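Any read-out appearing in this document is the output of simple, stated calculations on the displayed coordinates, not a laboratory observation. Here the structure is a predicted model, which is why all the values come from computation and not from measurement. Note that we place each Cβ from the backbone using ideal geometry, even for glycine, and neighbour counts take in every protein chain shown.
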């Protein structure tokens, strides 16, 4: 069993997919935040298999794991603390930016002033873009989860191609979990409850790809400009018409453009890495 659970395809694909699907199906009748709890449970299990759940020493990767888990918890519960949509959006922006600074401050603090300003501009732009795009889709589950799945898949595959298997596994585990909950929605057709249609609900789809993507840029070999088409995935998905009556058809049509971009970026990063390596 230990040997089976140590396989990357189990840790980053099968386990999170199955866990998210089962948790979503089990909770969907009790809470509108079922998909958030499902993704949180799946990511927690995958993170334990991939990296363990110890917090010392508090490395950058462990900070990312803690922040992503916290983002799911906040998204699922803080709607009672902050009923105002405007307040939720401001909180999401601030907490996302502070998360980036906390994880990468050791690197940012050693940058020259120009590089530091560019990092701050880039990170703020990334957070604001993801927040704006995902909030637009909050009441359209086919688009929301298609965009989240494709974006995390793109970050995961690109990070792996950029020589960071650990970051890639974590992002791919989130993508698989998103796919599991997405399949649960396709099968059951549960309408998004009011609490899952508030801006705070998309916080994990902001923090997770931002942290993992920027980490792959700083700690691995992911070109910074690869994040531009990946960040555009929610925009492209939001433009897909939602006229099809079939949930499955809406899911497929919404997923296709994001998957094309995700796979295209990952292939480019892989090709660029292969060319640069001399092979």
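One table, with the values for the structure above:
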item: Protection proxy ranking of 85-98, 159-172 - average other beta-carbon atoms within 10 Å, highest first; result: 159-172, 85-98
item: Full-stretch length increase - residue 166, residue 247 - with 0.36 nm per residue and alpha-carbon distance subtracted; result: 25.8 nm
item: Shape call, the chain: gyration tensor on alpha carbons, a/c limit 1.5; result: rounded
item: Contact order normalised by residue count of the chain, Cα under 8 Å, 6+ apart, percent; result: 28
item: Gyration tensor verdict on the range 173-256 (Cα atoms; rounded if a/c is under 1.5, prolate if a/b is larger than b/c, oblate otherwise); result: prolate
item: Residue-span extension gain [residue 56 to residue 3] - 0.36 nm each, minus C-alpha spacing; result: 16.6 nm
item: By average C-beta atoms within 10 angstrom, highest first, the peptides 129-141, 101-113; result: 129-141, 101-113
item: Cα gyration tensor category, rounded, prolate or oblate, for the range 123-192 with a/c compared to 1.5; result: oblate
item: Calculated FRET value between residue 235 and residue 101, using beta carbons and R₀ = 30 Å, to 0.05; result: 0.75
item: Calculated [θ] (222 nm, deg cm²/dmol) that DSSP helices of n ≥ 4 give over the chain, each run adding -39,500 (n - 2.57); result: -24500 deg cm²/dmol
item: Sites residue 218 and residue 132, calculated FRET efficiency, Cβ-Cβ separation with R0 22 Å, nearest 0.05; result: 0.35
item: Rel. contact order, % - alpha carbon contacts under 8 angstrom, at least six apart, the range 1-153; result: 16
item: The chain: angle of helix 34-50 to the longest principal axis, Cα-based, in degrees nearest 10; result: 40
